[in-house]
1. Restricting attention to the stretch 612-636, which residues are more than 18 Å from residue 593 (Cβ to Cβ) and among the β-branched types (Val, Ile, Thr)?
2. Is one or more of the residues making up the stretch 472-487 within 19 Å of the chain's Cα centre (by Cα) and either among the hydrophobic types (A, V, I, L, M, F, W, C) or within 23 Å of residue 523 (Cα to Cα) (or both)?
3. When you go through 529, 569 one by one, which is the residue that is open to solvent by less than 50 Å² (accessible area, probe 1.4 Å) and in contact with a Gly (Cβ under 7 Å, 6 or more places away or on another chain)?
4. Report, ordered by the first and then the second residue, all pairs with beta carbons closer than 6 Å, sequence separation of six or more or different chains, a first member in the stretch 107-133 that is of a type in the set (Phe, Trp, Tyr), and a second member that is buried (at least 20 other Cβ atoms within 10 Å of the Cβ) and in a helix (DSSP H, G or I).
5. Which residues, taken from the stretch 426-443, are open to solvent by 20 Å² or more (accessible area, probe 1.4 Å) and modelled with pLDDT under 90?
6. All but one of (1) open to solvent by 20 Å² or more (accessible area, probe 1.4 Å); (2) among the hydroxyl-bearing types (Ser, Thr, Tyr); (3) over 19 Å from residue 466 (Cα atoms) hold for residue 405; which doesn't?
7. Considering only residues that are within 23 Å of residue 734 (Cβ to Cβ), of a type in the set (A, V, I, L, M) and in a helix (DSSP H, G or I), which ones fall in the stretch 780-837?
8. Take the residues of the stretch 470-493 that are surrounded by fewer than 21 Cβ atoms within 10 Å (Cβ to Cβ) and under 22 Å from residue 434 (Cβ atoms): which is modelled with the lowest pLDDT?
Amino acid sequence: MSTESFCAAVQNPDRMVRQRALKNFEVNFIRDIASDEECSRLYDETYLHILRCYGDRFESVRTLAVSVMDVLLGKLPTNDYYLGCIVPVLVKRIGQAETIEESEELRLQMLEQLEMLVVKYSDPDGSHGDPLLKVFDSVVDILIKTLRDPYPAAQKKSCEIVIALAEATPSLHYRAEVLVEPAKSILPHRHSANRIAAVETLGVLSLHILSNGDRVSEIIMAVSPLLMDDVPYVRRACGRVGCVMLQKLRDRYSFFHRILPLVLNCLCDETAEVREDIKAGWKKVGELYYTENETELSKVALIEKLPVGFPVDRYERPTIACRAIVQRSLRVVNLVLHEMEEWKENIRLHATKLLKQIVLHAESAFSTLFVEVNPVLAKTCMDAEKSIVQEALNVCELMGILLDYETWSQHVLSTFRKYPTIGQLRCMRTLFASCVQDEAKSKDVRKFAALLLDPDVCHNHQDATYQREVLEFCTILAAVGQKRDKLISGLEEISVTESHDGEQQTLERTLYTVALKMVAFCQGIEEKSLVRDFGVEVLRQLDNDLDRLHQHHLASVLCSIGHLDSENSDASTSILLLCGIVSMCGFQETYFSVLKQTLQKAIQHAAPEGKVKIFSAISVAMLSWNVHNQQPKDEQMQMLTTFTDDLIGPHLVWSVGRSAESVRTMATACFASMAQGVDAEVYTSLLPNYLNVLAGLIDDNCISTRAYTLKALVRLQALNFESLKLIAFPILSRLDDPSREVRELAAVCLGRLKLNVASPDQQSALERWQDILRQILSVMFLHLENPETKLRSAIFESLQCLYADNRDMITQLANEVPSGCSYKKDLQAITSSPRST
């Protein structure tokens, strides 16, 4: 086929003829071309007709026309004449404001053709006259349009053409700025490949913007959010662009503080591949900077050494040049602090990680910014997201290691006094714990311990997390104190002179006071059991013998409890603290009198609900009386008698009102606890003095009061007749009580009724007691028919107890019971049991 025939065919109205001519173009013409001259002649004869097909109304014809031109361009010599013919047609098809070419695949094919032209006519240094300059504006116009193309592949190809154009011509700087906005529009694309291409494109464009620094800053700000992208390769692209900018950007020194986040964030990326890739690029940046500033840095390198305590197992120390770049660019901290207070969690997390990298690189140079950073860091330590809090604590740890102690110690002390928040507490604790200047911080251990005595700190009983942080700090302070002075119980060599009340105290006493209050506030609260257990561990760190620790220091703590002369409710801090201390420490002779006076003062002024809380704590403490008191019985009797007479006894007397009833119930509970926790001999010496009151409480309207009263009488010993007569019938009447617990306790108490045979009128008393006992036994027999198994069992055991001293009477009464009675066999079992012998 001749070229004339081909030209006629591609103009034929029949689509099939046009398609056939274009399909066969390569076979008919290209294969036989032997020289550039022949190819040029073929182009001259056919290009107008081929390019006219770019606008054919059939997509298949347009596609074939572009393919034919691609083949022809591959054979043509490098002559800028051809650019002037083809590029305008491409502009007309894909570079107009409105979309002319509707086919997405064909737009992509045309972009591939444009890329081929850019590569073919590449002249990076302009040594060949920069042929692309003639069509440069047209190419840029096409890219402005196609960078916003809705077809993802076309967008990506446009980015690749921009990068290729930057390498192919030295003239990109003329219109690099106009491509920034279209390229930025791709950054939020849903395809990660497009986002990567856009980041790389913007990086290239920034290198060719020669005078507009604001536009460069705009590019950096647009790329930065992609550091939080879900795809690691996108984050890596950001880091790579940052490294390239740090090495090649015009006037890059003035942009260091803006570019650094792109690189430093990738150094702490969660993906190892990203970290290693950017670390290599960051080292190259450092090498270039060292070369440019060798005179200054070489002198520093001669005298510098690894900071003491540097965590080499967790961090690799940056090179001296990389550190120098960050140290001269600390303006970036202002931006970081702003982002650490953003409302989005991922922004706060990445900003905190970035701050950690800045501290790691800046080292001691960061000292000048501590005062500015500390408030924001403390706020971050209170973040609801645990990962953010952990990163903030990592920053504090690095500052404690790398910064001089004097830089932060006084500021932290004064700030915490004003704002004792959990964030400030965590910052202070981590800084102090990680500080490697042992001598300096051991001198101030007293000051830090004194801070914790502030009521705003150690009286914070609602926040379990805050309490645990206080205890964590106590363990650190105790360890430092013990390391310096071998602190043990009784050794009072370190004095705290800045306690909240001005009183001089030992370090041990200070930490004991704080830890004890934390434990006391958690006492009886199941949700805070872990904090309570940890507090006990802290106390054991001071002295493994807790009783000895209480003996030395508890009296001082009790004397420091304030506001006990107010009408405190059960929610009052003073009442909660006192009750927690009583429940935990119990009663010991060493501090018994101080504790008694404190309790007496609190009960005297407290509101009814506060009194209930106090008596509840006393009842718990009474259960461990024998554990803490091993002194002679007569001393225990004296202690218990005075305590009961002054504190408990007055509240056993009946008075009107629901509040009085509740107080009376809990006062009775103290007696019930004594029956379980106090030595039997000591308790029975106290009990007769209160039988008259207890006898009345057996018939109290409150079920709990009746139950506690009967529990207090379970350990009855032998009594005189008048005392037995006083309580026997009230107890007996409780066998018909509405409460099952009270009925069972009454049955048990009946078995404890025993006459003291050592009384002066022994015979007369015995006869009168047996008359009463006969009535009691008859009622007990009747209750053996009760359907309640536990009640029958309790009555059976009580009858066995009574049988030991009243065999004849019980045997006689048992024999009088009719043989058909349901409990006849039970009575026979009692009278025939081995216990009767």
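The values are calculated or read from the model by the stated rules, or taken from the named source; none is laboratory data. Because the structure is a prediction, the values reported are computed rather than measured. Counting neighbours? That spans all protein chains shown, and the Cβs are built from the backbone with ideal geometry, glycine included. Side chains are part of the model used for accessible areas, which takes the heavy atoms of the whole protein and leaves out ligands, DNA and RNA. Shrake-Rupley method; radii C 1.70, N 1.55, O 1.52, S 1.80 Å.
1. Hits for the stretch 612-636 are 612, 620, 627.
2. Checked against the condition, which is being within 19 Å of the chain's Cα centre (by Cα) and either among the hydrophobic types (A, V, I, L, M, F, W, C) or within 23 Å of residue 523 (Cα to Cα) (or both), the stretch 472-487 yields at least one hit.
3. Details: 529 fails: in contact with a Gly (Cβ under 7 Å, 6 or more places away or on another chain).
Residue meeting the stated conditions: 569.
4. Cβ pairs passing all conditions: 121/131; 121/132.
5. 436, 437, 438, 439, 440, 443 - these are the residues of the stretch 426-443 that are open to solvent by 20 Å² or more (accessible area, probe 1.4 Å) and modelled with pLDDT under 90.
6. So residue 405 meets the others, but not (1).
7. 780, 782, 791, 794, 795, 799, 802, 809, 810, 813, 827, 830
8. Keep residues of the stretch 470-493 that are surrounded by fewer than 21 Cβ atoms within 10 Å (Cβ to Cβ), which gives 472, 475-476, 479, 482-486, 488-493.
If we keep only those that are under 22 Å from residue 434 (Cβ atoms) too, we end up with 472, 475-476, 479, 482-485.
Details: 472: 94, 475: 94, 476: 93, 479: 89, 482: 78, 483: 74, 484: 63, 485: 59.
Looking at residues that are surrounded by fewer than 21 Cβ atoms within 10 Å (Cβ to Cβ) and under 22 Å from residue 434 (Cβ atoms), I get 485.
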